[in-house]
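For reference, the structure is listed below as structure tokens.
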Amino acid sequence: MHKNYLTQIPILIMKLLKKITAIILLQFCLFSCTHENFSGDVVEENLSESSEDNKSALTEPIILGYFPSWSESWTTTGQGSKLRDIPKHITHVFLAFAKPNLRYQKGSLDITNTGIQTPYGGATLKESVAALKSKGIKVILSVGGETYWGSDAAYDIDYQQIKDLVDDMGFEGIDWDFEPNGSFATIGDPINVQRFIDFFNNSRAIMPKGQYVLACAPAGVGALGGLSNDDASSPYAYSKRNAVTGESDANLYNATSPNQAISLFGFATTGHMIPVMKAVGDKIDLIAYQGYNTGAASNRKIMYDAYKYYANQYGFSIAAGTHYPNEPWGPYYTYSYQTMADLSAHIAANNSNNDGIMIWQLLLGDGTSSAYGYLHIASQVLGGTSQSQAIANAENYPESPYSGGGGDGGGGGGTGCDSALWAAANTYTAGQEAVYQNKLYKAKWWTNGDVPSANTDPNPWEFVRNCDGGGGGTGNQAPSVTITAPSNNATITAGQAILISVNASDSDGSVAKVEFFQGNTKLGEDTVSPYSYNWSNAPVGTYNITAVATDNLGTTKTSDIVMITVQSSGGGGGSCSGVAAWQPYPAIYNQGDRVVYQGTLYEAQTGPIWVTPGSGEHWWKTIGSCN
């Protein structure tokens, strides 16, 4: 009997192995075909598309960077650009920013009213997204940011139109970058907690989990227990702050004094994500918290640990937010090669869901180090490379310039030079390029508000070359275009319609259209001479107005900038005597501070801030022109 039993053992074993194999294959299929967390990627709705467009499972830690759309260089079909040439060690990109109350018509590829500020149109943006996807880099549309939450109108959100834009452009999903009134100061208030919850409930209702990525970029201290928002069961509850940090409360409300982590528990913002995660944590795929501008606390790892406590419950992934030096506030803390390596090693030791690192922003660098280098360190350490080796190879990452293909092209309002149009409100540093009056200039040193063509001594700009006028036919002359009204430096009372009038002509053809822009935002267009646009209800602030003429062969020409100031109906600001002129960062301003900028008196509405006056009334209130 024992002999017979023994002879059956090989058969029994084979049957058992077949059952185990079937179970493993079934589990593998279920895991591969469902995406209940960020480790699984989106399933293409159209299964007939090529395998290149189908999204495979995420098999490595998240290496994420913000890309400011306004910093993109002009491009066209088959050509590279700053966005398209992002190196392959980046796994995800947050494209910043779209307006929460954007308006978009499905199928149109018209991004005019979306808030996206690329120097080209939607068809070209679609190609850029496809170009990155072909390299394995996934692009998520970041909604909001500091700029776009400054009014009640921002909350007039059409979720279906956001989804339509995501679908048409090929984005993986959206990042709710919620900063009410341009900062985190009130994000923990009940009304804003509920708004954050609503964002996820409403967008998830039409963007199913497993088919779209829903992310957010909350404050770094959002998962620590605070006075207003707390969780007694968390190891990082407010009542446990002293035990967790090993510190007294001496610096609880003194974030600018050196401390380990106690000051992180003292912000009004602290804990703001706790009620959000409890309400909709299962609807979130990725939390890329902003672990910067948090003062002098040196233990930045505790912010990751606090979010990890909730990630273990709800299944979302985490990207620990860092900043390429310097942090705008202070800086009281500086991320370096070593601190990036330390944080990455800390995450790697506890990584169960492909957590990783986020940075603001990808294009920052000083010639010797770069945001790409910082993320290269993170990628290596998270992948198992030693910290010392990763640091040694920080800037030695493979470049992957775009070589054409990958999507539909077209569109654009470009200049023929691979740089964005110069804007008076932007700050430029040595080596950065900008296009002005169809000419390419390069900054020789830090500059803000200096017109590139100005005959000043010293001039911070150097002329590089003429642009080709946007790619018209050989020998085709660009049209001429001039803004005749309003006049440069005009002051207009809020509520008054602004008539923008333009003279445009073409010596070897005809003018097809004239487009009117405020900064990089298109206001409208006119196809019949005399060319004009009536801008109604312009908010209080300072604006750069340009007009772009396009001839019958597609060649474009951009007018000189006309700067206007829209002031409140209360009238002028009176004497500015004794009020200091606004200074760029590292100067920091707080609520109530007054400055003079370009002949206009402003008052800070929040703080700390370092943005240029005229960037938004929620930052700087326009008092009026100086007498």
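The values are calculated or read from the model by the stated rules, or taken from the named source; none is laboratory data. Values in this document were obtained by computation on a predicted structure and should not be read as measured data. Counting neighbours? That spans all protein chains shown, and the Cβs are built from the backbone with ideal geometry, glycine included. Calculation scope for accessible area: heavy atoms of the full protein, side chains included, ligands and nucleic acids excluded. Shrake-Rupley method; radii C 1.70, N 1.55, O 1.52, S 1.80 Å.
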Legend entry - Restricting segment 210-223 to residues that are among the small types (Gly, Ala, Ser) and either surrounded by fewer than 20 Cβ atoms within 10 Å (Cβ to Cβ) or within 28 Å of residue 613 (Cβ to Cβ) (or both), the residue that is farthest from the chain's Cα centre (by Cα): 210
Inset, instruction - Within segment 192-209, work out how many residues are open to solvent by 10 Å² or more (accessible area, probe 1.4 Å) and small (Gly, Ala, Ser). - result: 1
Legend entry - Of all residues making up segment 377-389, the number that are surrounded by fewer than 20 Cβ atoms within 10 Å (Cβ to Cβ) and under 24 Å from the mean Cα position of the chain (by Cα): 0
Legend entry - Those residues of segment 358-376 which are part of a loop (DSSP other than H, G, I, E, B), farther than 20 Å from residue 389 by Cβ and either touching an Asp or Glu at 6+ places or on another chain (Cβ under 9 Å) or open to solvent by 50 Å² or more (accessible area, probe 1.4 Å) (or both), in sequence order: 363, 364, 366, 367
Inset, instruction - Would you check which residues across segment 121-158 are open to solvent by less than 40 Å² (accessible area, probe 1.4 Å), among the β-branched types (Val, Ile, Thr) and not in a strand (DSSP E or B) and list them? - result: 124, 129, 137, 157
Legend entry - Condition met for residue 174 (among the β-branched types (Val, Ile, Thr), open to solvent by less than 10 Å² (accessible area, probe 1.4 Å) and more than 17 Å from the chain's Cα centre (by Cα)): no
Inset, instruction - Run down 365, 373, 404, 356 and say which single residue is in contact (Cβ under 8 Å) with a residue 60 or more places away in the chain and more than 21 Å from residue 305 (Cβ to Cβ). - result: 404
Inset, instruction - For segment 525-541, enumerate the residues that are farther than 18 Å from residue 483 by Cα and not aliphatic (A, V, I, L, M). - result: 537, 539, 541
Legend entry - Members of segment 317-356 found to be farther than 23 Å from residue 293 by Cβ, open to solvent by 30 Å² or more (accessible area, probe 1.4 Å) and assigned to a loop (DSSP other than H, G, I, E, B), listed by number: 350, 351, 352, 354
Inset, instruction - Kindly indicate which of 544, 537 is modelled with pLDDT under 85 and either part of a strand (DSSP E or B) or aromatic (Phe, Trp, Tyr) (or both). - result: 544
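Identify all residues within segment 527-539 that are closer than 24 Å to residue 489 by Cβ and either acidic (Asp, Glu) or open to solvent by 30 Å² or more (accessible area, probe 1.4 Å) (or both); write none if there are none.
Initial filter on segment 527-539 (closer than 24 Å to residue 489 by Cβ): 530-539.
Across segment 527-539, the qualifying residues are 530, 532, 533, 534, 536, 537, 539.
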Legend entry - Complete set of residues in segment 250-296 that are open to solvent by less than 10 Å² (accessible area, probe 1.4 Å) and among the aromatic types (Phe, Trp, Tyr): 265, 289
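Return the residues of segment 590-603 that are of a type outside the set (Asp, Glu), closer than 23 Å to residue 331 by Cβ and out of contact with any Ser or Thr (no Cβ under 9 Å at 6 or more places or on another chain); say none if nothing qualifies.
595
Would you mind finding the one in 231, 189 that is crowded, with 16+ Cβ neighbours inside 10 Å, among the acidic types (Asp, Glu) and out of contact with any His (no Cβ under 7 Å at 6 or more places or on another chain)? It would help to see each step written out before you state the result.
Working: 189 fails: crowded, with 16+ Cβ neighbours inside 10 Å.
Only one candidate qualifies: 231.
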Inset, instruction - Go through (1) out of contact with any Asp or Glu (no Cβ under 7 Å at 6 or more places or on another chain); (2) open to solvent by 10 Å² or more (accessible area, probe 1.4 Å); (3) within 21 Å of residue 232 (Cα to Cα) one by one and return the number of the condition residue 314 breaks. - result: (1)
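Return the residue satisfying two criteria in turn: it lies in segment 579-599 and is without any contact (Cβ under 8 Å) to a residue 60 or more places away in the chain and hydroxyl-bearing (Ser, Thr, Tyr), and of such residues it is surrounded by the most Cβ atoms within 10 Å (Cβ to Cβ). Step through it out loud before you land on a result.
Initial filter on segment 579-599 (without any contact (Cβ under 8 Å) to a residue 60 or more places away in the chain): 579-583, 587, 589-597.
When the remaining residues are screened for being hydroxyl-bearing (Ser, Thr, Tyr), the result is 589, 597.
Working: 589: 22, 597: 18.
Of everything passing the filter in segment 579-599, 589 is surrounded by the most Cβ atoms within 10 Å (Cβ to Cβ).
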Inset, instruction - Can you tell me which residue within segment 551-566, out of those that are over 18 Å from residue 451 (Cα atoms) and open to solvent by 20 Å² or more (accessible area, probe 1.4 Å), is modelled with the highest pLDDT? - result: 552
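In this structure, does residue 106 turn out to be assigned to a loop (DSSP other than H, G, I, E, B) and open to solvent by 10 Å² or more (accessible area, probe 1.4 Å)? Steps first, answer last, please.
Values: assigned to a loop (DSSP other than H, G, I, E, B): yes; open to solvent by 10 Å² or more (accessible area, probe 1.4 Å): yes.
It is true that residue 106 is assigned to a loop (DSSP other than H, G, I, E, B) and open to solvent by 10 Å² or more (accessible area, probe 1.4 Å).
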Legend entry - Residue that is nearest to residue 113 (Cα to Cα), among those in segment 510-522 that are open to solvent by 40 Å² or more (accessible area, probe 1.4 Å) and not in a strand (DSSP E or B): 520
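Name the single residue that is modelled with the highest pLDDT among those in segment 600-627 being in a loop (DSSP other than H, G, I, E, B) and open to solvent by 40 Å² or more (accessible area, probe 1.4 Å). Before you say what the answer is, go through the steps one by one.
Step one: list which residues in segment 600-627 are in a loop (DSSP other than H, G, I, E, B), which gives 605-608, 610-619, 627.
Among the residues that remain, those that are also open to solvent by 40 Å² or more (accessible area, probe 1.4 Å) are: 605, 608, 610, 615, 617, 627.
Numbers: 605: 78, 608: 71, 610: 72, 615: 65, 617: 67, 627: 65.
Checked segment 600-627; the qualifying residue modelled with the highest pLDDT is 605.
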